[in-house]
Every structure is written in structure tokens, then in C-alpha cells.
Amino acid sequence: MRRTKPFILINSFLLMVFAAGCLCGEAAAQQRPEIVSRKQWEAKLPVGKGKKHKIKYITIHHTGVKQRPDLTLEQKLRNLQAFSQRDDKLSTGKFKPAWFDVPYHYYIGVDGRIAEGRQIKYAGDTNTEYDPTGHALVVVEGSFGSEEPNAAQIDSLKKIVAWLARKYKIPAEEIKGHNDYAETGCPGKNLKDLFPELRQSIR
Ligand SMILES: [Zn+2]
């Protein structure tokens with residue numbers, strides 16, 4: 001009896017450690033939202049050489065065009081990549097040179113699904129006057145000067161921002177919108193109104 005008791009105790013202790021480990025593992029897995037990978041949306045390879053950077057900020061955009069529930073997320077990403085990687089004109093008539101890849105790192109579709117854009121190790125691109133080096137760029141589908149982000153989009157935005165903030169140790173005050181850095185209407189008032197709540201959720 002005197003020999004079995006410590007043995008049972010040690011076993012119980014190990015079981016507890018094991019159970020705690022499993023719970024932590026599960027919680028950690030839940031932190032990363034489900035993301036449609038580049039492979040899943042059939043991304044083409046980037047063109048040319050990307051600029052490596054270290055993430056210090058999270059910057060939120062809107063696509064600036066009306067939501068398209070008639071297209072799949074995968075189609076939208078393929079279209080965006082084709083547009084990004086060629087010389088083209090913007091809706092403003094301004095010239096846009098061919099970019100390395102999709103300008104944003106994560107894209108939240110109208111259905112709330114999240115897709116991987118440019119690989120996050122590479123700095124993004126912009127048509128406006130700020131340097132996106134060090135910014136994790138998240139874009140939400142819609143034109144939020146007039147449209148409203150829907151519940152699924154808000155939920156995914158919260159999840160991805162929380163995950164990125166934890167992963168790169170970004171403080172709540174470095175979660176901002178495109179128009180905090182450049183002259184633009186992006187990401188639209190109806191999206192920007194959610195930012196205080198978004199910052200609160202990571203504190
Ligand atoms: Zn923007």
C-alpha cells in the first residue's frame with residue numbers, strides 16, 4: 001500500500017498535466033480562424049521579388065466596391081490577383097503598376113469567409129501615400145461609406161484581428177484604418193465605427 005499510493009498520486013498528477021495540455025492546445029487552435037489558403041483559391045505565384053517585413057500594425061481596408069454575393073470568395077481572390085498583377089487603371093483613372101501580388105494579406109468576403117491574400121511575410125501594396133511596410137493588411141468586402149458590414153464579416157474581422165494581435169504582439173492602439181495613414185475614404189464610416197469595439201476585444 002505504501003508503495004502504490006505515491007504511484008497513484010503521480011499518475012493522477014500526470015493525467016491532470018496531460019488534460020491541461022490538451023485544453024491549452026485546443027484553445028490555441030481556436031485562436032486561428034479558418035482561412036481559405038492560397039492553394040485552395042488557386043493563387044498564381046507572385047510576380048517578381050517581394051519585400052520582407054516585420055509586422056507592427058494591423059490596418060483595415062474595405063474593397064470600396066459593392067458587395068458581390070453572386071461570386072465565390074475563391075473567384076473574387078482570383079480576380080483581385082489578376083487585376084493586381086497587371087498594369088491597369090483605377091476607377092479614379094489613376095495608373096496602377098503591376099504589383100507583386102494581391103495587395104492585402106487577408107480578405108473577408110461578404111459571406112464572412114476569410115482568404116489568405118499576399119503572404120504576410122511580404123509587405124503589401126497601395127495606391128495611396130503611405131508605406132505599408134510593417135502593416136498586416138486586412139480588407140473587408142464592401143463599400144462601407146454606404147453599405148453595412150454584416151454579422152458574419154464583423155465576427156471574422158474580430159477573430160482575425162485578435163489572432164494577428166496575439167501572434168505579432170500588436171497593441172490595441174495600433175489597430176487602425178487606411179484613412180489614419182493616407183488621404184482616402186477607406187475603410188468607410190460604417191466599418192470604422194466598429195473599431196473601438198474591435199480594440200476593446202483584444203485588451
Ligand atoms: Zn484601403
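Only the coordinates and a few stated rules stand behind these numbers; no lab work does. Model, not experiment: these values are computed from the prediction. Virtual Cβ from ideal backbone geometry, glycine too; neighbours counted across all protein chains shown.
Key figures
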{"item": "Peptide ranges 162-169, 193-200 listed from the most packed, as the mean C-beta count within 10 angstrom indicates", "result": "162-169, 193-200"}
{"item": "Per-selection Kirkwood Rh - the range 106-192 (Cα, Å, 1 d.p.)", "result": "13.6 Å"}
{"item": "At q = 0.21, 0.26, 0.31 Å⁻¹, base-10 log of I(q)/I(0) for the range 36-89 (Debye sum, equal scatterers on each alpha carbon)", "result": "-1.12, -1.24, -1.19"}
{"item": "His61 long-range amide H proximity, modeled H, under 5 Å", "result": "Val138, Val139, Val140"}
{"item": "Length gained when the stretch Ser201-Lys189 is fully extended (0.36 nm per residue, less Cα-Cα span)", "result": "2.4 nm"}
{"item": "Reciprocal mean inverse distance between Cα atoms of the chain - Kirkwood radius, Å", "result": "18.5 Å"}
{"item": "Trypsin sites (Lys or Arg not before Pro) restricted to DSSP loop in the range 116-160 with at most 13 other C-beta within 10 Å", "result": "Lys121"}
{"item": "Helical contribution to [θ] at 222 nm, DSSP H n ≥ 4, -39,500 (n - 2.57), averaged over the chain, rounded to 500", "result": "-10500 deg cm²/dmol"}
{"item": "Proximal charge balance of Ile175 [Cβ under 13 Å; K/R count +1, D/E count -1]", "result": "+4"}
